[in-house]
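Sharing a structure, written as C-alpha coordinates. Questions coming.
The values are calculated or read from the model by the stated rules, or taken from the named source; none is laboratory data. It should be emphasised that the depicted structure is a prediction, and the values quoted were computed from it without experimental measurement. Here the Cβ is made from the backbone with ideal geometry for all residues, glycine too, and neighbour counts use every protein chain on show.
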Amino acid sequence: MEGHALNDKKRLAGVAAEEIARLLATGDLSDDAVAPLTEAEIRYFLEGIEGQREIKEALLTLREIGVHGIPKFIIEGRTVVDGAARSDHFVQIFRGIEQRGEVAGGPVFSDILGISDEVVRRGSHTVPSERLVA
(Lines give C-alpha, C1' and ligand atoms only; values in the text may rest on other atoms or scores of the structure.)
Protein backbone atom coordinates (compact mmCIF):
# COMPACT_ATOMS: atom_id res chain seq x y z
CA MET A 1 0.00 0.00 0.00
CA GLU A 2 1.40 3.36 -1.02
CA GLY A 3 1.34 6.25 1.43
CA HIS A 4 1.00 9.80 0.17
CA ALA A 5 0.53 13.17 1.81
CA LEU A 6 -3.07 14.39 1.71
CA ASN A 7 -1.86 17.91 0.95
CA ASP A 8 0.09 16.91 -2.19
CA LYS A 9 -1.77 19.17 -4.62
CA LYS A 10 -0.07 17.72 -7.70
CA ARG A 11 -1.09 14.16 -6.79
CA LEU A 12 -4.57 15.28 -5.69
CA ALA A 13 -5.12 17.11 -8.99
CA GLY A 14 -3.97 14.08 -10.98
CA VAL A 15 -6.19 11.66 -9.09
CA ALA A 16 -9.19 14.01 -9.32
CA ALA A 17 -8.74 14.50 -13.08
CA GLU A 18 -8.43 10.73 -13.62
CA GLU A 19 -11.51 10.00 -11.52
CA ILE A 20 -13.63 12.65 -13.27
CA ALA A 21 -12.60 11.25 -16.66
CA ARG A 22 -13.33 7.67 -15.51
CA LEU A 23 -16.77 8.57 -14.16
CA LEU A 24 -17.68 10.44 -17.35
CA ALA A 25 -16.44 7.55 -19.53
CA THR A 26 -18.43 4.93 -17.61
CA GLY A 27 -21.57 7.05 -17.47
CA ASP A 28 -21.49 7.15 -13.66
CA LEU A 29 -21.34 10.95 -13.82
CA SER A 30 -23.37 13.01 -16.26
CA ASP A 31 -21.61 15.60 -18.42
CA ASP A 32 -23.76 18.38 -16.93
CA ALA A 33 -22.79 17.47 -13.34
CA VAL A 34 -19.16 18.51 -13.71
CA ALA A 35 -16.92 19.93 -16.39
CA PRO A 36 -14.11 17.53 -17.36
CA LEU A 37 -11.23 19.48 -15.83
CA THR A 38 -7.62 18.75 -16.64
CA GLU A 39 -4.97 18.14 -14.00
CA ALA A 40 -3.50 21.59 -14.75
CA GLU A 41 -6.90 23.29 -14.30
CA ILE A 42 -7.46 21.53 -10.98
CA ARG A 43 -3.99 22.52 -9.73
CA TYR A 44 -4.59 26.11 -10.83
CA PHE A 45 -7.82 26.14 -8.81
CA LEU A 46 -6.25 24.55 -5.72
CA GLU A 47 -3.37 27.02 -5.74
CA GLY A 48 -5.56 30.04 -6.51
CA ILE A 49 -7.47 32.36 -4.21
CA GLU A 50 -10.79 30.49 -4.52
CA GLY A 51 -9.25 27.08 -3.88
CA GLN A 52 -7.28 28.38 -0.91
CA ARG A 53 -10.46 29.94 0.51
CA GLU A 54 -12.33 26.63 0.24
CA ILE A 55 -9.46 24.73 1.85
CA LYS A 56 -9.22 27.20 4.76
CA GLU A 57 -13.00 27.15 5.33
CA ALA A 58 -13.03 23.34 5.24
CA LEU A 59 -10.17 23.15 7.76
CA LEU A 60 -11.95 25.61 10.06
CA THR A 61 -15.16 23.59 9.83
CA LEU A 62 -13.31 20.37 10.64
CA ARG A 63 -11.68 22.00 13.65
CA GLU A 64 -15.07 23.33 14.85
CA ILE A 65 -16.70 19.89 14.77
CA GLY A 66 -13.74 18.23 16.47
CA VAL A 67 -11.92 16.48 13.64
CA HIS A 68 -8.22 16.58 14.44
CA GLY A 69 -7.01 13.52 12.55
CA ILE A 70 -8.03 10.88 10.07
CA PRO A 71 -9.75 8.62 9.33
CA LYS A 72 -13.03 10.05 10.63
CA PHE A 73 -16.63 9.68 9.53
CA ILE A 74 -19.00 12.64 9.79
CA ILE A 75 -22.60 11.51 10.04
CA GLU A 76 -25.53 13.91 9.68
CA GLY A 77 -23.06 16.77 9.51
CA ARG A 78 -22.42 16.69 13.24
CA THR A 79 -21.60 13.24 14.61
CA VAL A 80 -17.87 12.50 14.32
CA VAL A 81 -16.90 8.84 14.54
CA ASP A 82 -13.34 7.57 14.62
CA GLY A 83 -12.40 5.37 11.69
CA ALA A 84 -11.40 2.63 14.11
CA ALA A 85 -14.83 2.54 15.77
CA ARG A 86 -16.48 -0.83 16.11
CA SER A 87 -19.26 -1.72 13.69
CA ASP A 88 -21.86 -1.81 16.48
CA HIS A 89 -21.22 1.90 17.09
CA PHE A 90 -22.15 2.67 13.48
CA VAL A 91 -25.17 0.37 13.65
CA GLN A 92 -26.41 2.24 16.73
CA ILE A 93 -26.08 5.62 14.96
CA PHE A 94 -27.80 4.44 11.78
CA ARG A 95 -30.58 2.67 13.71
CA GLY A 96 -31.27 5.97 15.48
CA ILE A 97 -31.58 7.71 12.11
CA GLU A 98 -33.79 4.87 10.89
CA GLN A 99 -36.10 5.21 13.92
CA ARG A 100 -36.40 8.98 13.42
CA GLY A 101 -37.23 8.38 9.77
CA GLU A 102 -35.06 11.22 8.55
CA VAL A 103 -31.53 12.56 8.56
CA ALA A 104 -31.25 15.39 11.10
CA GLY A 105 -28.29 17.23 9.58
CA GLY A 106 -26.91 17.91 6.18
CA PRO A 107 -23.64 17.84 4.32
CA VAL A 108 -20.84 19.63 6.15
CA PHE A 109 -19.05 21.00 3.10
CA SER A 110 -21.80 21.67 0.52
CA ASP A 111 -21.92 25.43 1.16
CA ILE A 112 -18.13 25.72 1.23
CA LEU A 113 -17.80 23.81 -2.04
CA GLY A 114 -20.81 25.42 -3.73
CA ILE A 115 -22.76 22.17 -4.07
CA SER A 116 -26.44 22.83 -4.65
CA ASP A 117 -29.24 21.27 -2.60
CA GLU A 118 -30.45 19.55 -5.79
CA VAL A 119 -27.10 17.78 -6.27
CA VAL A 120 -27.08 16.76 -2.60
CA ARG A 121 -30.59 15.28 -2.95
CA ARG A 122 -29.77 13.57 -6.26
CA GLY A 123 -26.23 12.51 -5.36
CA SER A 124 -23.17 13.05 -7.47
CA HIS A 125 -22.80 9.41 -8.46
CA THR A 126 -26.39 8.58 -9.30
CA VAL A 127 -26.66 5.52 -11.51
CA PRO A 128 -29.23 5.90 -14.30
CA SER A 129 -32.32 3.76 -13.62
CA GLU A 130 -31.82 1.72 -16.82
CA ARG A 131 -28.47 0.49 -15.43
CA LEU A 132 -29.97 -0.76 -12.16
CA VAL A 133 -30.43 -4.51 -11.87
CA ALA A 134 -33.72 -5.64 -10.36
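From the list GLY77, GLY105, exactly one residue is at pLDDT below 80, among the small types (Gly, Ala, Ser) and within 22 Å of GLU57 (Cα to Cα). Which is it?
The match here is GLY105.
Before we move on, is ALA17 more than 25 Å from LEU59 (Cα to Cα) and either at pLDDT 80 or above or within 17 Å of the chain's Cα centre (by Cα) (or both)?
Taking the combined requirement at face value, the residue does not satisfy it.
Moving on to the next point. Which helices (runs of 4 or more DSSP H) sit wholly inside segment 40-130 and have at least 2 residues that are surrounded by 14 or more Cβ atoms within 10 Å (Cβ to Cβ)?
In segment 40-130, the matching helices (runs of 4 or more DSSP H) lie at 49-65, 87-100, 110-113.
Name the residues in segment 3-27 that are within 17 Å of PHE45 (Cα to Cα) and of a type in the set (A, V, I, L, M, F, W, C), would you?
Hits for segment 3-27 are LEU6, LEU12, ALA13, VAL15, ALA16, ALA17, ILE20.
Which count do you get for residues in segment 22-35 that are at pLDDT below 75 and not small (Gly, Ala, Ser)?
Counting residues in segment 22-35 that are at pLDDT below 75 and not small (Gly, Ala, Ser) gives 5.
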